[in-house]
1. Tell me which residues, restricted to region 8-43, are modelled with pLDDT under 90, exposed (fewer than 14 other Cβ atoms within 10 Å of the Cβ) and not basic (K, R).
2. Residues in region 85-93: is at least one in contact (Cβ under 8 Å) with a residue 60 or more places away in the chain and either among the β-branched types (V, I, T) or in contact with a Gly (Cβ under 7 Å, 6 or more places away or on another chain) (or both)?
3. Checking L71 against (1) under 16 Å from L27 (Cα atoms); (2) without any contact (Cβ under 8 Å) to a residue 60 or more places away in the chain; (3) not in a strand (DSSP E or B), which test does it fail?
4. Can you spot a residue in region 107-127 that is without any contact (Cβ under 8 Å) to a residue 60 or more places away in the chain and at positive phi?
5. Please tell me if V68 is closer than 21 Å to V151 by Cβ and either in contact with a helix residue (DSSP H, G or I) (Cβ under 6 Å, 6 or more places away or on another chain) or modelled with pLDDT of 95 or more (or both).
6. Would you pick out the residues in region 94-118 that are crowded, with 18+ Cβ neighbours inside 10 Å and touching a helix residue (DSSP H, G or I) at 6+ places or on another chain (Cβ under 7 Å)?
7. Mind checking whether some residue in region 133-140 is among the hydrophobic types (A, V, I, L, M, F, W, C), free of Cβ contacts under 8 Å to residues at least 24 places away in the same chain and within 18 Å of K155 (Cβ to Cβ)?
8. Looking only at region 61-76, filter to residues that are of a type outside the set (K, R) and farther than 18 Å from L23 by Cβ; which one of those is surrounded by the fewest Cβ atoms within 10 Å (Cβ to Cβ)?
Amino acid sequence: MTTSNDNAATAAGWRGADRVEVLTFELSGELFALDAVQVQEIVDLAPETAVPGAGAFAGSVINFRGKVIPLADLRVAFGMQIGAATIDSRIVVVEIELDGEQTLVGLRTDKVHEVTTLDRADSEAAPSVGMRWRPDFIQCLVRRDTEFIVVPAFKTIFNQHQDARLTAVSQTRH
């Protein structure tokens, strides 16, 4: 029998393993994590170029090693307040699958913490009620000591924002 804990853990990167290495980072005081395998590089803030007509979620691009990549702000997806950049702010460049292709994306963070190992047994699905964020935007929550680490559902988040942008463009053409 498959439990919701197993489903959440598998989606978060465990893929049959009992432990997974993740990069932890902070957004508006909340702790998030992503599968360390996805991380290509952590870079200081870089000059951004705004993309006309793009939404706030991925409204600009940066130059990453000679490639133009989108810069996404997960705070927009989660409805968080967007604060000013600080000395600790970084861009985490990740490779994720979008529209069937591996794609490089920069993620704004307020602070990058560490690469750590999380246990499958400490993970659970996001509750469907009582969350201030959309539960489908969360792969799972992982308990660590007295805190919870949020593992975002990148594919769902990016697809939802892509669909919203395409709908807006379609409506302006009619």
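1. Taking region 8-43 as the starting set, the residues that turn out to be modelled with pLDDT under 90 are 8-18.
Those left that are additionally exposed (fewer than 14 other Cβ atoms within 10 Å of the Cβ): 15-18.
Residues satisfying the conditions are G16, A17, D18.
2. Within region 85-93 (the criterion being in contact (Cβ under 8 Å) with a residue 60 or more places away in the chain and either among the β-branched types (V, I, T) or in contact with a Gly (Cβ under 7 Å, 6 or more places away or on another chain) (or both)), the answer is yes, since at least one residue qualifies.
3. (3)
4. no
5. Judged against the criteria, V68 is not a match.
6. V94, I96, L107
7. Going through region 133-140, the residues among the hydrophobic types (A, V, I, L, M, F, W, C) turn out to be 133, 137-138, 140.
Next, from what is left, pick out any that are free of Cβ contacts under 8 Å to residues at least 24 places away in the same chain: 138.
Next cut, within 18 Å of K155 (Cβ to Cβ) only: 138.
Yes, there is a match, as at least one residue in region 133-140 is among the hydrophobic types (A, V, I, L, M, F, W, C), free of Cβ contacts under 8 Å to residues at least 24 places away in the same chain and within 18 Å of K155 (Cβ to Cβ).
8. Only one residue fits best here, namely G66.
The values are calculated or read from the model by the stated rules, or taken from the named source; none is laboratory data. Please read these numbers as outputs of a predicted model, since none were measured by experiment. Every residue, glycine among them, receives a Cβ derived from its backbone with ideal geometry; neighbour counts consider all protein chains shown.
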